Amino acid sequence: MVVSGLSAIVHEVQLAEELLTETFHMEHDPKVLLQVVKHTSNALEGAAEITALSKKMEALRALCAHILQEFKESPQVFARKEKLAIASEGFEHIEILNEESVTSILNESKELIYQLTKVMTCQTQQKA
């Protein structure tokens with residue numbers, strides 16, 4: 001899903017933040033962490049349509065895409081103590097999603113997207 005427009009991008013970030021800070025803490029369901037990554041990825045993809053991606057934004061978008069792809073293709077996904085483990089066939093590779101790792105991705109993305117919002121707002125005001 002690709003979102004477009006600043007308000008849609010900010011909305012995706014807000015959804016991700018609400019899922020992480022409220023829903024995850026109420027439900028303690030590690031699968032909520034995956035939804036946080038998905039909304040963060042949507043916001044980053046939307047931001048890519050507005051402007052050329054910085055290396056940092058591209059790295060975060062690629063990380064989100066990697067996590068979502070691993071989940072989609074993984075034959076083994078299981079929850080343990082508020083963590084989501086995404087394992088490859090034979091458990092050669094295990095990706096662990098936890099609150100700290102997802103918080104880091106979300107916070108870095110929020111900062112980049114809010115900086116983008118400021119730049120786009122300034123450009124719009126200068127044109128007016």
message = Of the residues 94, 105, only one is touching a strand residue (DSSP E or B) at 6+ places or on another chain (Cβ under 7 Å) and either surrounded by 12 or more Cβ atoms within 10 Å (Cβ to Cβ) or polar (S, T, N, Q) (or both); which?
response = 94
note = The residue from 25, 11 that alone is free of Cβ contacts under 8 Å to residues at least 40 places away in the same chain, loosely packed, with under 13 Cβ neighbours inside 10 Å and part of a helix (DSSP H, G or I) is 25
query = Is there a residue being farther than 16 Å from residue 38 by Cβ, in contact with a helix residue (DSSP H, G or I) (Cβ under 6 Å, 6 or more places away or on another chain) and at pLDDT below 90 anywhere in the stretch 48-69?
reply = yes
query = So is residue 70 closer than 20 Å to residue 118 by Cα, out of contact with any His (no Cβ under 6 Å at 6 or more places or on another chain) and either free of Cβ contacts under 8 Å to residues at least 60 places away in the same chain or in a helix (DSSP H, G or I) (or both) or not?
reply = no
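The values are calculated or read from the model by the stated rules, or taken from the named source; none is laboratory data. From a predicted model like this one, the values you see are computed outputs, not experimental measurements. Reconstructed Cβ throughout: ideal geometry from the backbone, glycine too, with neighbour counts over all protein chains shown.
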